[in-house]
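Novice: For reference, the structure I am asking about is given below.
The values are calculated or read from the model by the stated rules, or taken from the named source; none is laboratory data. Remember, it's a predicted structure, so these values are computed and weren't measured experimentally. All Cβ positions, even for glycine, are placed from backbone atoms using ideal geometry, and neighbour counts span all protein chains on display. The area values use the complete protein model at the heavy-atom level, side chains included, leaving out ligands, DNA and RNA. Shrake-Rupley method; radii C 1.70, N 1.55, O 1.52, S 1.80 Å.
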Amino acid sequence: MELLENLRKIVNRKISLCNIEDLKKYKMIKELLEEDDCFFRMKKDTAYAILEDLDFLKKELPSLYRQLTDASVYLKTKCSFEIEG
């Protein structure tokens, strides 16, 4: 989930620096990234498009997508929060 947190930081930075034409796009990306399971619920093409919009290279996308949709990492993080909370 560390990667997802980094993506959230990147999109927040993009929002603060972008021009008015891109603002709507980055706000929509920010909204999509709010839920921890967001990459499990979106189509692969959408996920790749988001990663490209956040300036990741095309060759990095498959690896990033695999990390973001790794169920074991997600469940480990989710269970950790439930135990602590």
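Novice: For S16, what accessible surface area do you get with a 1.4 Å probe? Give it in Å², rounded to 10.
Specialist: We get 90 Å² for S16.
Novice: Let me ask another. According to a simple spin-label model (label point 7 Å from Cα along Cα-to-Cβ), what is the distance in nm between A71 and N12?
Specialist: Rounded to a tenth, the inter-label distance reads 3.1 nm.
Novice: How large is ³J(HN,Hα) for each residue in segment 30-44, as worked out from phi by the Karplus curve 6.51 cos²θ - 1.76 cosθ + 1.60 (θ = phi - 60°), to whole Hz, x for Gly and Pro?
Specialist: 4, 4, 5, 7, 5, 8, 5, 9, 4, 6, 6, 9, 10, 5, 4
Novice: Probe 1.4 Å, all protein chains in place: accessible area of D36 in Å², nearest 10?
Specialist: Answer for D36: close to 50 Å² accessible.
Novice: Here is a follow-up. Sorting I10, I20 by accessible area (1.4 Å probe), largest first, what list results?
Specialist: Largest accessible area first, the residues go I20, I10.
Novice: I'd like the accessible area for D45, computed on protein heavy atoms only with a 1.4 Å probe and all protein chains in place. Round to 10 Å², please.
Specialist: My reading of the accessible area for D45 is about 120 Å².
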